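Here is the structure we will look at, set down as C-alpha coordinates.
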Amino acid sequence: MAKTKTTFFCQNCGTQYSQWMGQCKTCGEWNTIVEEVIDKDEKEKPWQSDENRSQAEAGIRNIKEIPENSESRIDTGNGELNRVLGGGIVNGSVVLMGGEPGIGKSTLMLQVALHLKNIKTLYVSGEESGSQIRLRAERIGIESDSCFVLTETNTQKIFKQLKKIEPQLVVIDSIQTLNTNYVESSPGSISQIRECASELIRYSKETNVPVILIGHITKEGVIAGPKILEHMVDVVLQFEGDRNHIYRLLRAIKNRFGSTSELGIYEMQGSGLREVTNPSEVLISKRDEPLSGNAIAATLEGIRPMLIEIQSLVSSAVYGTPQRSATGFDLKRLNMLLAVLEKRAGFQLGAKDVFLNITGGIRVDDPAIDLAVITAILSSNMDVPLPDNCCFAGEVGLSGEIRAVNRVEQRISEAEKLGFDVIFVSKYNKVKTADYSIRIQTVAKVNDLVKMLF
Ligand code: TYD
Ligand code: MG
(Lines give C-alpha, C1' and ligand atoms only; values in the text may rest on other atoms or scores of the structure.)
(Ligands and ions follow the chains in the order given, each with its own letter.)
Protein backbone atom coordinates (compact mmCIF):
# COMPACT_ATOMS: atom_id res chain seq x y z
CA MET A 1 0.00 0.00 0.00
CA ALA A 2 1.27 3.45 -0.88
CA LYS A 3 2.36 5.44 2.09
CA THR A 4 0.18 8.49 2.60
CA LYS A 5 2.07 11.67 3.10
CA THR A 6 0.70 14.59 5.05
CA THR A 7 1.82 18.10 5.50
CA PHE A 8 0.50 21.25 7.20
CA PHE A 9 -0.74 24.34 5.41
CA CYS A 10 -1.82 27.71 6.70
CA GLN A 11 -5.32 28.17 5.27
CA ASN A 12 -4.86 31.92 5.23
CA CYS A 13 -1.59 32.45 3.40
CA GLY A 14 -0.69 29.01 2.07
CA THR A 15 2.62 28.58 3.88
CA GLN A 16 3.64 24.94 4.25
CA TYR A 17 4.89 23.52 7.57
CA SER A 18 6.22 20.11 8.52
CA GLN A 19 4.39 20.16 11.84
CA TRP A 20 1.36 21.73 13.44
CA MET A 21 1.62 25.12 15.12
CA GLY A 22 -0.86 27.42 16.78
CA GLN A 23 0.17 30.54 14.90
CA CYS A 24 1.35 30.93 11.34
CA LYS A 25 4.83 32.46 11.30
CA THR A 26 4.25 34.12 7.96
CA CYS A 27 0.89 35.83 8.28
CA GLY A 28 0.54 35.77 12.06
CA GLU A 29 -2.97 34.26 12.04
CA TRP A 30 -3.96 31.87 14.82
CA ASN A 31 -5.50 28.43 14.33
CA THR A 32 -5.26 28.47 10.57
CA ILE A 33 -2.78 25.61 10.17
CA VAL A 34 -4.45 22.40 9.06
CA GLU A 35 -3.05 18.99 8.23
CA GLU A 36 -3.68 17.95 4.63
CA VAL A 37 -2.94 14.68 2.89
CA ILE A 38 -0.83 14.93 -0.19
CA ASP A 39 -0.02 11.97 -2.37
CA LYS A 40 3.02 12.06 -4.56
CA ASP A 41 2.14 9.51 -7.23
CA GLU A 42 3.46 10.07 -10.73
CA LYS A 43 0.63 11.94 -12.39
CA GLU A 44 -0.84 10.94 -15.69
CA LYS A 45 -1.64 13.70 -18.11
CA PRO A 46 -4.65 12.56 -20.07
CA TRP A 47 -4.57 15.56 -22.39
CA GLN A 48 -0.99 15.03 -23.47
CA SER A 49 -0.02 13.62 -26.85
CA ASP A 50 3.42 12.08 -27.48
CA GLU A 51 4.43 15.06 -29.56
CA ASN A 52 4.04 17.76 -26.97
CA ARG A 53 5.42 15.43 -24.30
CA SER A 54 8.70 15.24 -26.20
CA GLN A 55 8.72 19.03 -26.51
CA ALA A 56 8.24 19.43 -22.79
CA GLU A 57 11.16 17.12 -22.17
CA ALA A 58 13.48 18.74 -24.68
CA GLY A 59 15.81 20.19 -22.00
CA ILE A 60 18.37 22.94 -22.42
CA ARG A 61 18.34 24.94 -25.63
CA ASN A 62 20.07 28.08 -26.83
CA ILE A 63 17.59 30.92 -26.52
CA LYS A 64 17.99 31.74 -30.21
CA GLU A 65 16.91 28.22 -31.16
CA ILE A 66 13.59 28.45 -29.35
CA PRO A 67 11.02 29.13 -32.04
CA GLU A 68 9.63 32.64 -31.90
CA ASN A 69 5.99 32.45 -31.09
CA SER A 70 4.46 35.80 -31.69
CA GLU A 71 1.78 35.67 -29.04
CA SER A 72 -1.51 34.92 -30.70
CA ARG A 73 -4.49 36.34 -28.91
CA ILE A 74 -8.17 35.58 -28.83
CA ASP A 75 -10.26 38.68 -29.26
CA THR A 76 -12.87 38.32 -26.53
CA GLY A 77 -15.28 40.63 -28.30
CA ASN A 78 -15.48 42.60 -25.07
CA GLY A 79 -13.63 45.90 -25.46
CA GLU A 80 -13.07 46.58 -21.76
CA LEU A 81 -11.80 43.06 -21.05
CA ASN A 82 -9.56 43.15 -24.11
CA ARG A 83 -8.01 46.39 -22.98
CA VAL A 84 -7.37 45.19 -19.43
CA LEU A 85 -5.78 42.02 -20.78
CA GLY A 86 -3.60 44.05 -23.14
CA GLY A 87 -5.44 43.14 -26.34
CA GLY A 88 -7.23 39.83 -25.78
CA ILE A 89 -6.48 36.49 -24.18
CA VAL A 90 -3.06 35.13 -25.10
CA ASN A 91 -3.22 31.52 -26.23
CA GLY A 92 -1.67 29.21 -23.69
CA SER A 93 -2.05 31.70 -20.87
CA VAL A 94 -3.80 31.25 -17.56
CA VAL A 95 -5.89 34.11 -16.22
CA LEU A 96 -7.02 34.23 -12.62
CA MET A 97 -10.10 36.33 -12.11
CA GLY A 98 -10.76 37.23 -8.49
CA GLY A 99 -13.64 39.03 -6.87
CA GLU A 100 -16.04 38.91 -3.98
CA PRO A 101 -19.02 36.59 -4.23
CA GLY A 102 -21.91 38.14 -6.12
CA ILE A 103 -19.89 40.80 -7.87
CA GLY A 104 -20.47 39.31 -11.34
CA LYS A 105 -17.49 37.10 -12.19
CA SER A 106 -19.60 34.23 -13.51
CA THR A 107 -21.77 36.66 -15.44
CA LEU A 108 -18.79 38.30 -17.13
CA MET A 109 -17.09 35.06 -18.09
CA LEU A 110 -20.28 33.40 -19.30
CA GLN A 111 -21.03 36.51 -21.30
CA VAL A 112 -17.61 36.30 -22.96
CA ALA A 113 -18.13 32.59 -23.71
CA LEU A 114 -21.60 33.21 -25.13
CA HIS A 115 -20.52 36.05 -27.38
CA LEU A 116 -17.40 34.40 -28.83
CA LYS A 117 -18.49 33.27 -32.23
CA ASN A 118 -16.33 30.75 -34.10
CA ILE A 119 -14.42 29.84 -30.97
CA LYS A 120 -15.21 26.67 -29.12
CA THR A 121 -15.48 27.45 -25.44
CA LEU A 122 -16.02 25.19 -22.51
CA TYR A 123 -17.53 26.64 -19.36
CA VAL A 124 -16.84 24.31 -16.45
CA SER A 125 -19.02 25.04 -13.47
CA GLY A 126 -18.66 23.50 -10.08
CA GLU A 127 -21.07 25.94 -8.50
CA GLU A 128 -24.21 25.97 -10.55
CA SER A 129 -26.30 23.36 -12.30
CA GLY A 130 -26.70 23.23 -16.06
CA SER A 131 -30.22 24.64 -15.90
CA GLN A 132 -29.12 27.53 -13.69
CA ILE A 133 -26.45 28.39 -16.22
CA ARG A 134 -28.95 28.13 -19.05
CA LEU A 135 -31.28 30.51 -17.23
CA ARG A 136 -28.50 33.04 -16.82
CA ALA A 137 -27.46 32.56 -20.44
CA GLU A 138 -31.01 33.36 -21.55
CA ARG A 139 -30.82 36.68 -19.73
CA ILE A 140 -27.50 37.53 -21.29
CA GLY A 141 -28.35 36.30 -24.78
CA ILE A 142 -26.77 33.34 -26.56
CA GLU A 143 -24.89 34.35 -29.69
CA SER A 144 -22.43 31.50 -30.04
CA ASP A 145 -23.18 28.04 -31.37
CA SER A 146 -20.08 26.59 -29.82
CA CYS A 147 -20.34 27.32 -26.12
CA PHE A 148 -20.33 24.11 -24.11
CA VAL A 149 -21.09 23.66 -20.44
CA LEU A 150 -19.74 20.99 -18.13
CA THR A 151 -20.79 20.66 -14.52
CA GLU A 152 -17.95 18.75 -12.93
CA THR A 153 -15.50 19.32 -10.12
CA ASN A 154 -13.01 16.50 -10.49
CA THR A 155 -10.04 17.62 -12.57
CA GLN A 156 -9.26 14.17 -13.96
CA LYS A 157 -12.81 13.90 -15.31
CA ILE A 158 -12.59 17.45 -16.63
CA PHE A 159 -9.39 16.61 -18.53
CA LYS A 160 -11.06 13.59 -20.13
CA GLN A 161 -13.84 15.82 -21.42
CA LEU A 162 -11.33 18.42 -22.54
CA LYS A 163 -9.56 15.83 -24.62
CA LYS A 164 -12.86 14.78 -26.15
CA ILE A 165 -14.20 18.17 -27.20
CA GLU A 166 -10.90 20.05 -27.63
CA PRO A 167 -12.08 23.56 -26.76
CA GLN A 168 -10.18 26.71 -27.71
CA LEU A 169 -10.95 28.46 -24.44
CA VAL A 170 -11.72 27.00 -21.02
CA VAL A 171 -13.41 28.82 -18.14
CA ILE A 172 -13.30 27.25 -14.69
CA ASP A 173 -15.94 28.51 -12.25
CA SER A 174 -14.47 28.34 -9.64
CA ILE A 175 -11.04 27.06 -8.73
CA GLN A 176 -12.17 26.63 -5.12
CA THR A 177 -14.72 23.97 -6.05
CA LEU A 178 -12.27 21.70 -7.90
CA ASN A 179 -10.68 18.59 -6.51
CA THR A 180 -8.04 16.26 -7.87
CA ASN A 181 -7.51 12.56 -7.20
CA TYR A 182 -3.91 13.18 -6.22
CA VAL A 183 -4.72 15.16 -3.10
CA GLU A 184 -6.98 13.85 -0.40
CA SER A 185 -7.90 17.00 1.46
CA SER A 186 -11.26 18.64 0.89
CA PRO A 187 -12.05 21.00 -2.01
CA GLY A 188 -11.13 24.57 -1.25
CA SER A 189 -8.15 23.64 0.92
CA ILE A 190 -4.79 25.09 0.06
CA SER A 191 -3.27 21.88 -1.26
CA GLN A 192 -6.32 21.13 -3.45
CA ILE A 193 -6.36 24.63 -4.93
CA ARG A 194 -2.64 24.55 -5.57
CA GLU A 195 -2.69 21.12 -7.19
CA CYS A 196 -5.79 21.73 -9.34
CA ALA A 197 -4.43 25.06 -10.50
CA SER A 198 -1.07 23.59 -11.39
CA GLU A 199 -2.72 20.75 -13.35
CA LEU A 200 -4.73 23.30 -15.32
CA ILE A 201 -1.66 25.45 -15.88
CA ARG A 202 0.23 22.44 -17.22
CA TYR A 203 -2.72 21.63 -19.46
CA SER A 204 -2.78 25.18 -20.77
CA LYS A 205 0.96 25.40 -21.42
CA GLU A 206 1.11 22.06 -23.18
CA THR A 207 -1.99 22.40 -25.35
CA ASN A 208 -1.81 26.18 -25.88
CA VAL A 209 -5.44 26.52 -24.82
CA PRO A 210 -6.06 29.55 -22.60
CA VAL A 211 -7.70 28.86 -19.27
CA ILE A 212 -9.59 31.36 -17.14
CA LEU A 213 -9.81 30.50 -13.46
CA ILE A 214 -12.46 32.21 -11.39
CA GLY A 215 -11.47 32.57 -7.75
CA HIS A 216 -13.42 33.90 -4.79
CA ILE A 217 -11.88 36.50 -2.62
CA THR A 218 -12.11 36.29 1.13
CA LYS A 219 -13.37 39.10 3.30
CA GLU A 220 -9.91 40.60 3.69
CA GLY A 221 -9.74 41.12 -0.05
CA VAL A 222 -7.30 38.35 -0.85
CA ILE A 223 -7.98 35.49 -3.22
CA ALA A 224 -8.36 32.46 -0.96
CA GLY A 225 -5.28 30.36 -1.33
CA PRO A 226 -4.08 33.57 -2.81
CA LYS A 227 -0.36 34.07 -2.93
CA ILE A 228 0.22 30.57 -4.26
CA LEU A 229 -2.08 31.15 -7.23
CA GLU A 230 -0.97 34.67 -8.01
CA HIS A 231 2.56 33.74 -8.89
CA MET A 232 1.59 30.60 -10.79
CA VAL A 233 -0.71 32.23 -13.33
CA ASP A 234 0.12 34.68 -16.13
CA VAL A 235 -2.55 37.26 -15.49
CA VAL A 236 -4.39 38.20 -12.31
CA LEU A 237 -7.55 40.22 -12.79
CA GLN A 238 -9.64 41.67 -10.04
CA PHE A 239 -13.31 42.42 -10.41
CA GLU A 240 -14.42 44.91 -7.83
CA GLY A 241 -17.05 47.44 -6.98
CA ASP A 242 -19.75 48.00 -4.49
CA ARG A 243 -22.51 45.43 -4.77
CA ASN A 244 -25.01 48.20 -4.13
CA HIS A 245 -23.71 50.32 -6.97
CA ILE A 246 -24.22 49.37 -10.57
CA TYR A 247 -20.64 50.03 -11.63
CA ARG A 248 -18.03 47.29 -11.61
CA LEU A 249 -14.32 47.81 -12.15
CA LEU A 250 -11.98 45.30 -13.72
CA ARG A 251 -8.28 45.74 -13.02
CA ALA A 252 -5.19 43.77 -13.88
CA ILE A 253 -3.02 43.21 -10.81
CA LYS A 254 -0.44 41.22 -12.72
CA ASN A 255 -0.08 40.81 -16.46
CA ARG A 256 2.76 39.03 -18.22
CA PHE A 257 1.47 40.24 -21.59
CA GLY A 258 0.49 43.84 -20.98
CA SER A 259 0.30 46.72 -18.59
CA THR A 260 -1.32 46.58 -15.18
CA SER A 261 -2.56 50.13 -15.18
CA GLU A 262 -5.64 49.60 -17.33
CA LEU A 263 -9.12 49.75 -15.93
CA GLY A 264 -12.31 48.33 -17.40
CA ILE A 265 -15.67 49.69 -16.32
CA TYR A 266 -18.94 47.79 -16.52
CA GLU A 267 -22.47 48.49 -15.55
CA MET A 268 -24.57 45.63 -14.15
CA GLN A 269 -27.87 45.49 -15.94
CA GLY A 270 -30.79 43.08 -16.10
CA SER A 271 -29.26 41.50 -19.16
CA GLY A 272 -25.70 41.10 -17.96
CA LEU A 273 -22.77 43.49 -17.85
CA ARG A 274 -22.67 46.42 -20.20
CA GLU A 275 -19.35 48.00 -21.12
CA VAL A 276 -19.04 51.63 -20.09
CA THR A 277 -17.00 53.29 -22.80
CA ASN A 278 -17.60 56.89 -21.72
CA PRO A 279 -16.99 56.75 -17.96
CA SER A 280 -16.77 60.52 -17.52
CA GLU A 281 -20.30 61.05 -18.72
CA VAL A 282 -21.82 58.52 -16.35
CA LEU A 283 -19.75 59.48 -13.33
CA ILE A 284 -20.67 63.13 -13.37
CA SER A 285 -24.22 63.87 -12.36
CA LYS A 286 -26.17 66.42 -14.34
CA ARG A 287 -27.78 69.11 -12.25
CA ASP A 288 -29.80 72.20 -12.94
CA GLU A 289 -28.36 74.39 -10.22
CA PRO A 290 -24.83 74.41 -8.84
CA LEU A 291 -24.46 72.96 -5.35
CA SER A 292 -21.78 73.74 -2.83
CA GLY A 293 -19.29 71.02 -1.92
CA ASN A 294 -19.02 69.48 -5.38
CA ALA A 295 -15.97 69.61 -7.60
CA ILE A 296 -14.93 67.73 -10.71
CA ALA A 297 -11.47 66.16 -10.96
CA ALA A 298 -9.73 65.18 -14.17
CA THR A 299 -8.08 61.90 -13.26
CA LEU A 300 -6.35 59.09 -15.12
CA GLU A 301 -6.99 55.40 -14.69
CA GLY A 302 -4.14 53.67 -16.44
CA ILE A 303 -3.82 55.64 -19.62
CA ARG A 304 -7.47 56.52 -19.78
CA PRO A 305 -8.52 60.00 -18.72
CA MET A 306 -11.71 60.17 -16.73
CA LEU A 307 -13.66 62.93 -15.04
CA ILE A 308 -15.06 62.16 -11.64
CA GLU A 309 -17.15 64.06 -9.18
CA ILE A 310 -16.01 64.72 -5.64
CA GLN A 311 -18.53 65.60 -3.00
CA SER A 312 -17.72 66.99 0.35
CA LEU A 313 -19.66 68.01 3.40
CA VAL A 314 -18.15 70.16 6.11
CA SER A 315 -20.21 70.80 9.20
CA SER A 316 -19.64 71.75 12.82
CA ALA A 317 -18.64 68.76 14.89
CA VAL A 318 -21.35 67.44 17.16
CA TYR A 319 -19.00 65.53 19.41
CA GLY A 320 -15.70 66.59 20.89
CA THR A 321 -13.56 64.80 18.34
CA PRO A 322 -14.47 65.83 14.79
CA GLN A 323 -15.21 63.03 12.36
CA ARG A 324 -13.31 62.52 9.16
CA SER A 325 -14.64 60.05 6.71
CA ALA A 326 -13.75 59.33 3.10
CA THR A 327 -15.34 56.97 0.60
CA GLY A 328 -13.17 56.11 -2.37
CA PHE A 329 -10.31 58.30 -1.14
CA ASP A 330 -7.44 57.65 1.24
CA LEU A 331 -8.35 58.92 4.72
CA LYS A 332 -4.73 59.70 5.60
CA ARG A 333 -4.42 61.84 2.52
CA LEU A 334 -7.65 63.63 3.43
CA ASN A 335 -6.23 64.43 6.86
CA MET A 336 -3.06 65.71 5.27
CA LEU A 337 -4.99 67.98 2.90
CA LEU A 338 -7.04 69.32 5.82
CA ALA A 339 -3.82 70.10 7.70
CA VAL A 340 -2.49 71.94 4.65
CA LEU A 341 -5.69 74.01 4.42
CA GLU A 342 -5.46 74.84 8.10
CA LYS A 343 -1.79 75.75 8.20
CA ARG A 344 -1.18 77.25 4.76
CA ALA A 345 -4.50 78.85 3.94
CA GLY A 346 -5.75 79.71 7.39
CA PHE A 347 -9.00 77.77 7.42
CA GLN A 348 -10.22 76.61 10.82
CA LEU A 349 -11.30 73.07 10.10
CA GLY A 350 -10.12 71.56 13.37
CA ALA A 351 -13.60 71.68 14.91
CA LYS A 352 -15.47 70.56 11.81
CA ASP A 353 -16.69 67.17 10.64
CA VAL A 354 -15.45 66.49 7.13
CA PHE A 355 -17.03 63.88 4.87
CA LEU A 356 -15.72 63.12 1.43
CA ASN A 357 -17.25 60.93 -1.23
CA ILE A 358 -16.22 60.00 -4.74
CA THR A 359 -19.42 59.34 -6.63
CA GLY A 360 -20.11 56.13 -8.50
CA GLY A 361 -18.57 53.92 -5.81
CA ILE A 362 -15.13 53.99 -7.38
CA ARG A 363 -11.77 54.28 -5.64
CA VAL A 364 -9.11 56.62 -6.89
CA ASP A 365 -5.44 56.72 -5.95
CA ASP A 366 -4.39 59.42 -8.39
CA PRO A 367 -2.81 62.35 -6.46
CA ALA A 368 -4.01 64.72 -9.17
CA ILE A 369 -7.46 64.77 -7.62
CA ASP A 370 -6.11 66.63 -4.55
CA LEU A 371 -6.94 69.97 -6.07
CA ALA A 372 -10.57 69.01 -6.61
CA VAL A 373 -10.73 67.55 -3.09
CA ILE A 374 -9.60 70.74 -1.39
CA THR A 375 -11.85 72.83 -3.61
CA ALA A 376 -14.85 70.68 -2.72
CA ILE A 377 -14.02 70.99 0.98
CA LEU A 378 -13.61 74.77 0.79
CA SER A 379 -16.78 75.11 -1.23
CA SER A 380 -18.76 73.20 1.37
CA ASN A 381 -17.07 75.00 4.24
CA MET A 382 -18.02 78.42 2.88
CA ASP A 383 -21.25 77.16 1.37
CA VAL A 384 -20.34 78.74 -1.94
CA PRO A 385 -20.98 76.67 -5.07
CA LEU A 386 -18.21 76.52 -7.62
CA PRO A 387 -18.71 78.14 -11.00
CA ASP A 388 -20.40 75.84 -13.46
CA ASN A 389 -18.27 73.93 -15.90
CA CYS A 390 -14.90 74.02 -14.22
CA CYS A 391 -12.67 71.08 -13.33
CA PHE A 392 -9.33 70.48 -11.62
CA ALA A 393 -6.11 68.53 -12.02
CA GLY A 394 -3.29 69.11 -9.57
CA GLU A 395 -1.48 67.58 -6.64
CA VAL A 396 -1.26 69.50 -3.36
CA GLY A 397 2.09 69.55 -1.55
CA LEU A 398 2.72 69.96 2.15
CA SER A 399 3.70 73.58 1.84
CA GLY A 400 0.46 74.39 0.07
CA GLU A 401 1.96 74.44 -3.39
CA ILE A 402 0.05 72.99 -6.33
CA ARG A 403 2.31 70.45 -7.98
CA ALA A 404 2.49 69.35 -11.57
CA VAL A 405 0.73 66.12 -12.60
CA ASN A 406 1.58 63.58 -15.26
CA ARG A 407 -0.07 63.50 -18.69
CA VAL A 408 -1.79 66.79 -18.15
CA GLU A 409 -2.50 67.11 -21.89
CA GLN A 410 -4.74 64.05 -21.83
CA ARG A 411 -6.66 65.34 -18.86
CA ILE A 412 -7.16 68.70 -20.53
CA SER A 413 -8.32 67.08 -23.77
CA GLU A 414 -10.85 64.95 -21.93
CA ALA A 415 -12.23 68.01 -20.11
CA GLU A 416 -12.41 69.84 -23.39
CA LYS A 417 -14.16 66.94 -25.07
CA LEU A 418 -16.81 66.89 -22.37
CA GLY A 419 -17.54 70.57 -22.78
CA PHE A 420 -15.93 72.10 -19.69
CA ASP A 421 -15.08 75.78 -19.92
CA VAL A 422 -12.16 76.02 -17.48
CA ILE A 423 -9.60 73.60 -16.11
CA PHE A 424 -7.36 74.50 -13.16
CA VAL A 425 -3.87 73.02 -13.37
CA SER A 426 -0.57 73.61 -11.65
CA LYS A 427 1.56 76.52 -12.77
CA TYR A 428 4.45 74.08 -13.01
CA ASN A 429 2.76 72.01 -15.69
CA LYS A 430 4.06 73.42 -18.91
CA VAL A 431 1.01 73.50 -21.15
CA LYS A 432 0.64 75.13 -24.53
CA THR A 433 -2.56 77.03 -23.81
CA ALA A 434 -3.04 77.94 -27.45
CA ASP A 435 -3.55 74.29 -28.42
CA TYR A 436 -6.88 74.05 -26.63
CA SER A 437 -10.19 75.80 -26.86
CA ILE A 438 -10.82 75.22 -23.13
CA ARG A 439 -9.50 77.97 -20.85
CA ILE A 440 -6.53 76.76 -18.82
CA GLN A 441 -6.11 78.47 -15.47
CA THR A 442 -2.79 77.91 -13.76
CA VAL A 443 -2.40 78.09 -9.98
CA ALA A 444 0.75 77.96 -7.90
CA LYS A 445 -0.56 77.93 -4.32
CA VAL A 446 -3.66 76.97 -2.41
CA ASN A 447 -4.08 80.64 -1.47
CA ASP A 448 -4.21 81.67 -5.13
CA LEU A 449 -6.95 79.15 -5.74
CA VAL A 450 -8.99 80.54 -2.83
CA LYS A 451 -8.63 84.08 -4.17
CA MET A 452 -9.69 83.04 -7.65
CA LEU A 453 -12.72 81.01 -6.69
CA PHE A 454 -14.24 82.36 -3.51
P1 TYD B 1 -22.58 36.41 -10.42
O2 TYD B 1 -21.96 36.44 -11.77
O3 TYD B 1 -23.28 35.18 -10.02
O4 TYD B 1 -21.49 36.73 -9.31
P5 TYD B 1 -20.20 35.87 -8.89
O6 TYD B 1 -19.98 34.79 -9.88
O7 TYD B 1 -19.08 36.89 -8.87
O8 TYD B 1 -20.47 35.36 -7.52
O9 TYD B 1 -23.55 37.68 -10.39
C10 TYD B 1 -24.19 38.06 -9.26
C11 TYD B 1 -25.18 39.15 -9.36
O12 TYD B 1 -25.40 39.74 -10.61
C13 TYD B 1 -26.50 38.60 -8.94
O14 TYD B 1 -26.77 39.12 -7.66
C15 TYD B 1 -27.49 39.04 -9.92
C16 TYD B 1 -26.79 40.03 -10.77
N17 TYD B 1 -27.14 39.93 -12.20
C18 TYD B 1 -27.75 40.99 -12.82
O19 TYD B 1 -28.05 42.02 -12.21
N20 TYD B 1 -28.05 40.90 -14.16
C21 TYD B 1 -27.77 39.78 -14.89
O22 TYD B 1 -28.05 39.74 -16.10
C23 TYD B 1 -27.14 38.68 -14.23
C24 TYD B 1 -26.82 37.43 -14.98
C25 TYD B 1 -26.83 38.80 -12.90
MG1 MG C 1 -20.24 32.73 -9.59
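A few remarks follow.
- Between residue 410 and residue 72, residue separation times 0.36 nm minus the direct Cα-Cα distance comes to 118.6 nm.
- Under 5 Å, built H, 5+ apart or other chain: amide partners of residue 301: 306
- Farthest positive-ward along the chain dipole, Cα basis, beta-carbon charges - from 367, 328, 384: 367
- In the stretch 263-336, the GluC sites (Glu not before Pro) that fall in loop regions by DSSP, at most 10 other Cβ within 10 Å: none
- Spin-label pair residue 151/residue 363, simplified geometry with 7 Å Cα→Cβ offset, distance in nm: 3.5 nm
- Shown for the chain: cysteine residues without a partner Cβ closer than 4.7 Å, namely 147, 196, 390, 391.
- P(r) weight above 17 Å for the stretch 225-343, C-alpha pairs, percent: 71 percent
- The stretch 117-224: GluC sites (Glu not before Pro) falling in loop per DSSP and having at most 11 other Cβ within 10 Å: 220
- Fraction of the pair-distance distribution of the chain above 41 Å, Cα-Cα pairs, percent: 32 percent
- Modelled label reach - residue 21, point 7 Å along Cα→Cβ, the stretch 181-196 residues with backbone N closer than 19 Å: 190-191
- Computed with a 1.4 Å probe over protein heavy atoms only, the accessible surface of the chain comes to 48 Å² per residue.
- Distance between modelled label sites at residue 253 and residue 181, nm, 7 Å Cα→Cβ extension: 3.3 nm
- Long-range HN-HN contacts of residue 427 with modeled amide H, under 5 Å: 443, 444
- Length available on full extension from residue 452 to residue 324: 0.36 nm per residue minus the Cα-Cα distance, which gives 43.4 nm.
- Difference of contour (0.36 nm per residue) and Cα-Cα distance, residue 421 to residue 202: 73.3 nm
- Per-residue HN-Hα couplings for the stretch 60-65 [Karplus 6.51, -1.76, 1.60; θ = phi - 60°; Hz; x = Gly/Pro]: 6, 9, 5, 4, 6, 7
- P(r) for the stretch 327-451, from all Cα pairs and a bin width of 10 Å, is 12, 45, 35, 7, 0 %, short bins first.
- Sequence-ordered 3J(HN,Hα) estimates for the stretch 12-19 from the Karplus curve with 6.51, -1.76 and 1.60 and θ = phi - 60° stand at 8, 10, x, 5, 9, 10, 8, 9 Hz, glycine and proline given as x.
- Residue-wise HN-Hα couplings along the stretch 333-349, as the Karplus relation 6.51 cos²θ - 1.76 cosθ + 1.60 with θ = phi - 60° gives them from phi, are 5, 4, 4, 5, 5, 5, 5, 5, 4, 5, 7, 9, 10, x, 8, 8, 9 Hz; Gly and Pro carry x.
- Bridges between two residues of the stretch 139-288, per DSSP, are antiparallel at a rate of about 75%.
- Residue-averaged [θ]222 nm for the chain, counting only DSSP H segments that reach four residues, each worth -39500 (n - 2.57): -8000 deg cm²/dmol
- From the C-alpha gyration tensor of the stretch 120-188, square roots of 5λ in Å: 23, 15, 8
- Reciprocal mean inverse distance between Cα atoms of the stretch 73-277 - Kirkwood radius, Å: 16.8 Å
- Neighbour cut-off at most 10 other Cβ (10 Å), DSSP loop, trypsin sites (Lys or Arg not before Pro), the stretch 331-433: 430, 432
- Under-5 Å amide H pairs with residue 149, H placed in peptide plane, nonlocal only: 123
- Accessible surface, 1.4 Å probe, highest first, among residues 173, 435: 435, 173
- About its Cα centre, the dipole of the chain is roughly 600 debye, where the only charges are +1 on Lys and Arg Cβ and -1 on Asp and Glu Cβ.
- Each Lys and Arg contributes +1 and each Asp and Glu -1, all at the Cβ; summed about the Cα centre of the stretch 282-453, the dipole is approximately 400 debye.
The values are calculated or read from the model by the stated rules, or taken from the named source; none is laboratory data. Everything numeric in this text was worked out from a predicted model, so none of it was measured. Positions of Cβ are generated from backbone atoms using ideal geometry, with glycine treated the same way; all protein chains shown enter the neighbour counts. Protein only, heavy atoms only, side chains kept; ligands, DNA and RNA dropped before computing areas. Shrake-Rupley method; radii C 1.70, N 1.55, O 1.52, S 1.80 Å.
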